[in-house]
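These notes concern the structure reproduced below.
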Protein chains: 6
Amino acid sequence: MSDVLSVVDTLCKTPRVGWLQRGVSNAESVCEHVMLVTLLAGEIAAQLNAEGVEVDLTKVLAVAAVHDLAESILGHPGREVRDRVRWEELEEEVIKREFPHFAELFRWYRYETNFVGRVVAFADKLATLIRACRYKKLGFDTDDLIKNLYGKLSKYDDLAHILDLYVARYCPGAGL
Amino acid sequence: MSDVLSVVDTLCKTPRVGWLQRGVSNAESVCEHVMLVTLLAGEIAAQLNAEGVEVDLTKVLAVAAVHDLAESILGHPGREVRDRVRWEELEEEVIKREFPHFAELFRWYRYETNFVGRVVAFADKLATLIRACRYKKLGFDTDDLIKNLYGKLSKYDDLAHILDLYVARYCPGAGL
Amino acid sequence: MSDVLSVVDTLCKTPRVGWLQRGVSNAESVCEHVMLVTLLAGEIAAQLNAEGVEVDLTKVLAVAAVHDLAESILGHPGREVRDRVRWEELEEEVIKREFPHFAELFRWYRYETNFVGRVVAFADKLATLIRACRYKKLGFDTDDLIKNLYGKLSKYDDLAHILDLYVARYCPGAGL
Amino acid sequence: MSDVLSVVDTLCKTPRVGWLQRGVSNAESVCEHVMLVTLLAGEIAAQLNAEGVEVDLTKVLAVAAVHDLAESILGHPGREVRDRVRWEELEEEVIKREFPHFAELFRWYRYETNFVGRVVAFADKLATLIRACRYKKLGFDTDDLIKNLYGKLSKYDDLAHILDLYVARYCPGAGL
Amino acid sequence: MSDVLSVVDTLCKTPRVGWLQRGVSNAESVCEHVMLVTLLAGEIAAQLNAEGVEVDLTKVLAVAAVHDLAESILGHPGREVRDRVRWEELEEEVIKREFPHFAELFRWYRYETNFVGRVVAFADKLATLIRACRYKKLGFDTDDLIKNLYGKLSKYDDLAHILDLYVARYCPGAGL
Amino acid sequence: MSDVLSVVDTLCKTPRVGWLQRGVSNAESVCEHVMLVTLLAGEIAAQLNAEGVEVDLTKVLAVAAVHDLAESILGHPGREVRDRVRWEELEEEVIKREFPHFAELFRWYRYETNFVGRVVAFADKLATLIRACRYKKLGFDTDDLIKNLYGKLSKYDDLAHILDLYVARYCPGAGL
């Protein structure tokens, strides 16, 4: 089992490389991202429940909290590396070995095998979208990413109204 | 409802004041602490399950992930402030108003109203203990805190073997 | 008496929570604020003297330099906490206990018991106003704060021309 | 007159180069040093007053607060640069031009023209000494500096008992 | 010979004071600047070679990599200090003493004694120009610097087309 | 061709993941490492020349300065990722596409196809070794890495005396 201090220290000091490549000097770390995904996923689950759509809030929060743990071992490399190594499988391998007690939760998210995992996968992309909108407001070029993520999020048909809500709130002036 | 970016940015840039007061220049933030509590709580739940003690892993993770959210509004003031304001009640008030969907989970932890909450409350103190041990190893004076936390953790009788395990692993040479 | 290294390390690593809540990632620390208040208070005193209004420059500098020392013990919590605890009294209590030699100077500022204290109290709000204007220029939402502080500063009738001068210099385009 | 935001931003983001050269990665900035000198000078003045030695506390605080302002224009270069340019004169020139209202206070300190200035000059060196002792405790090589500063501080005969007090408190194990 | 860890730690933690004075809180360090100069100088050399103008790529990279090493001893003081001390001579003195093996390369750059040195001197100014353009885009006032550097760079007649190319790419909207 | 600002910003804000995993909170970035390799490689080349062993100093510096540029695109992932993707080939691919003018220099280093490249490859490992020794002195656990790197460096038979020299200087007390 991994050293928990090492895990946290790595996640919380590893900047997400996409932001660095766009010039953000104080870029969001992996653990800041995880925290944002967790909050969003929880809010969305609560919203869905309020609409009468059932989804277990605690399961959503739990999955979100552990969904990026593999990056404590793997780091957060560029897109090109992830495309090359079948990143998903590598992540799963690490999770199984280092965090076996979280492996099932991880798979829900990674392969969207159930609605809980689907909500977290949606929140994961949404977190990156709204961060990109914030960085745009501060003067960084994130238009390509905003467009790309909005496209991916739009494919979650049943969550379209959720997407609209967050875009209206966090991405005014982003041209979406 | 709170602005999620504001919540994350505040939690992840707010250093825990106790470390600053002991001279740690790059001190653990509230969100680094939350991440550590979440990992520990999850590990402990898994360990308990392996021992035949039932506790819901996803609930433990969920509670840990949200247990310090009130600090995004309240900040992380010194002990003297917390003692003065009935900190627990103030936290609860904030949670109810800003994160109503997490209010029940918060109460489990804050008042240890069930075993899930108790495990998280234990992990919360344990996270601070092992961070204090790490800082001690780097040359900072944290002996008072180590002693104090160990005392509090020792009162969780049914988790004594868990405490021993973590102390052996993360606090060798701390004189516990 | 407090450990001076602990005091400085805490003040200089504690970000002012209001900036964090508005998304500033590299937010002004308490000691950066103190330095700004000191410079402003000194400039204002010099300006007043030049206008024939007497105020002791060294006393103004001295009061400004120590006016936030209590935060080394108390931290810099959110507005909600300060409103709850009668922050002023708590600060005074800490100053009396930890920095008794500065207690009189602190009271001049906190309760504006004389003109020296009044100038520092004005400079304290002014420092926050011009920082808010700077952050606005960088893309952060500080309009509410700018408006609120300008309102408070406008009540210092005899310093109205000073306020105009600084607003013209540091807040062009802030709509004041 | 200088832009006050520029002055503070420069002082508070300029690391003292001597620490960098000894490998301290999160080194004390000029403004952290100023804050430390101010606190120490104030404590010493209070202590002297308690002993029946008269020295004006507010003047001591005022001088300490402004003693390094020239570095906002000059930066904080290495020893070799300072030795070459008659640093004291250059500082005075900057102060006279940019902060004329503080020029007299600056001279008290720089040329130790009165007891107030002498106390601040002593506190300036003492602040560096106790920071060096702290860094030594964390594993950095500061022995040469500790020795050198202790030598200089020892020449202030009438403040010898003050030196002993601070060394006992902040430099145990430094071999002084 | 200098301690290499001390050299790197100093260069990479010393912010360029001009940016601090313009309010950039996370300002480019000397070593970030060196890296940028090296990349630019290499690109320019390659471009010149492609145009049929001969210049040794490896020599250009080598000179760029060492051109600011003296700042590890001298720090990065303000313009006023550099004007006062005949900075170039002081740098050369330090290089000769601490890095004698790099002294010849340094002189090529500092006195532009050959085309290699001239390309690096050009890249040095260009690196500062395009960083100034980037900071302008983020909301900082760097117009004076942009104008000043563009003027200096325009004097390199034979590299005018290179200048145009970089200005078009990195300074759109800077009014050049 | 890559955006040079993006390249530098990424290299200089990407911490080397191995240090994070060992708990170093202010870990060496890729560009700090590059700077260290460059200085060491230059020193070693000068030393070899002094011994009568010919190696081109400018070529050594040039290769060292560009040897890690691929990480601006790829990031700095954990060992496990690098082992999986044939990291060397991926790096070469990126260099050829993004920095074709540096491709030959890169290959000298990566495949140690000549003595220049061999010296840089040696300096690359040596830079990591002496950083590990420094971190050990500050209280971090780097023993495994120190041992491992020393083993690899010992295989460069003709540079054994160089290794001894640096170990004596930077790793006293590391048990080598």
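The values are calculated or read from the model by the stated rules, or taken from the named source; none is laboratory data. Note that the structure is a prediction, hence the values are computed from the model and not measured. With ideal geometry, Cβ positions are generated from the backbone for all residues, glycine too; neighbour counts draw on all protein chains shown. When the accessible area is computed, the model is the full protein with side chains, heavy atoms only, and any ligands, DNA or RNA have been set aside. Shrake-Rupley method; radii C 1.70, N 1.55, O 1.52, S 1.80 Å.
Numerical summary
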{"item": "Among C:154, C:29, C:72: highest mean-square fluctuation, GNM of chain C, C-alpha pairs under 10 Å", "result": "C:154"}
{"item": "Accessible carbon and sulfur surface of region F:4-170 relative to its total accessible area, %, 1.4 Å", "result": "48 percent"}
{"item": "Nearest-20 debye value, region B:43-127 charge dipole, Cβ charges on Lys, Arg, Asp, Glu", "result": "160 debye"}
{"item": "Within a Gaussian network of chain F (alpha carbon springs, distance under 10 Å), most fluctuating of F:56, F:158, F:124", "result": "F:158"}
{"item": "Paramagnetic label zone (point 7 Å from Cα along Cα-to-C-beta, residue E:138; backbone N under 19 Å) in region C:129-144", "result": "C:131-142"}
{"item": "Relative contact order %, region A:21-85, counting alpha carbon pairs below 8 Å whose residues are six or more apart", "result": "35 percent"}
{"item": "Cα gyration tensor shape for region D:83-176, rounded if a/c is under 1.5, else prolate or oblate", "result": "prolate"}
{"item": "Sites residue A:104 and residue F:147 - FRET efficiency at Förster radius 41 Å, r taken between beta-carbons, to 0.05", "result": "0.65"}
{"item": "Environment charge at residue F:92 (Cβ cut-off 12 Å; Lys +1, Arg +1, Asp -1, Glu -1)", "result": "-1"}
{"item": "Relative compactness, the protein assembly as shown, computed as alpha-carbon Rg over 2.2 N^0.38 Å", "result": "0.93"}
{"item": "Axis-nearest residue of E (beta carbon) for the E-onto-D rotation, whole Å", "result": "E:77, 2"}
{"item": "Quarter of Cα convex hull surface for region A:37-142, i.e. mean projection, nm²", "result": "7.5 nm²"}
{"item": "Lysine pairs within chain B, Cα separation less than 27 Å, 8 or more sequence positions apart or different chains", "result": "22"}
{"item": "Copies compared at residue B:157 - label distances in nm, ascending, label defined 7 Å from Cα in the Cβ direction", "result": "5.9, 7.0, 7.0, 7.1, 9.4"}
{"item": "Copy-to-copy label separations for residue D:141, where each label sits 7 Å from Cα toward Cβ, in nm and ascending", "result": "2.8, 2.8, 4.4, 4.5, 5.3"}
{"item": "Within a Gaussian network of chain C (alpha carbon springs, distance under 10 Å), most fluctuating of C:24, C:119, C:34", "result": "C:24"}
{"item": "Relative contact order, percent, chain A [alpha-carbon distance under 8 Å, six or more residues apart]", "result": "21 percent"}
{"item": "About the Cα centre, charge dipole magnitude for the protein assembly as shown (Lys/Arg +1, Asp/Glu -1 at Cβ), debye", "result": "0 debye"}
{"item": "Under DSSP loop assignment and at most 16 Cβ neighbours within 10 Å, longest trypsin sites (Lys or Arg not before Pro)-free interval of chain A", "result": "A:1-85"}
{"item": "Whether region C:30-72 is rounded, prolate or oblate, judged on the alpha carbon gyration tensor where a/c under 1.5 counts as rounded", "result": "prolate"}
{"item": "Heavy-atom accessible area ranking, 1.4 Å probe, most first, across E:71, B:98", "result": "B:98, E:71"}
{"item": "Ascending list, in nanometres, of distances separating the residue D:53 label from those of the other copies (7 Å, Cα toward Cβ)", "result": "3.8, 6.0, 6.1, 6.7, 7.5"}
{"item": "In Å², nearest 10: area of residue B:6 left accessible to a 1.4 Å probe", "result": "20 Å²"}
{"item": "Accessible surface buried upon A-C contact (total; probe 1.4 Å; Å², nearest 100)", "result": "400 Å²"}
{"item": "DSSP H segments from chain D that extend 20 Å or more along their own axis, Cα-based, with Kyte-Doolittle mean of 0.0 or above", "result": "D:30-50, D:115-137"}
{"item": "Heavy-atom accessible area per residue - chain F, 1.4 Å, Å²", "result": "35 Å²"}
{"item": "Within-13-Å neighbourhood charge of residue A:61 [Cβ basis; K, R +1; D, E -1]", "result": "-2"}
{"item": "Gyration tensor verdict on region E:1-96 (Cα atoms; rounded if a/c is under 1.5, prolate if a/b is larger than b/c, oblate otherwise)", "result": "prolate"}
{"item": "For region B:37-55 versus region B:123-176, the gap between their alpha-carbon centres in whole angstrom", "result": "18 Å"}
{"item": "Computed [θ] at 222 nm, deg cm²/dmol, chain F (DSSP H ≥ 4; -39,500 (n - 2.57); rounded to nearest 500)", "result": "-21000 deg cm²/dmol"}
{"item": "Region D:93-176: relative contact order as a whole-number percent, Cα under 8 Å and 6+ apart", "result": "21 percent"}
{"item": "Estimated inter-spin distance, residue F:79 and residue F:54, nm [label 7 Å along Cα→Cβ]", "result": "4.0 nm"}
{"item": "Cα-centred dipole magnitude for chain D, charges only on beta-carbon of K, R (+1) and D, E (-1), debye, nearest 20", "result": "520 debye"}
{"item": "For region C:64-137, with +1 on Lys and Arg beta carbons and -1 on Asp and Glu, the positive-most of C:106, C:85, C:123 along the dipole", "result": "C:123"}
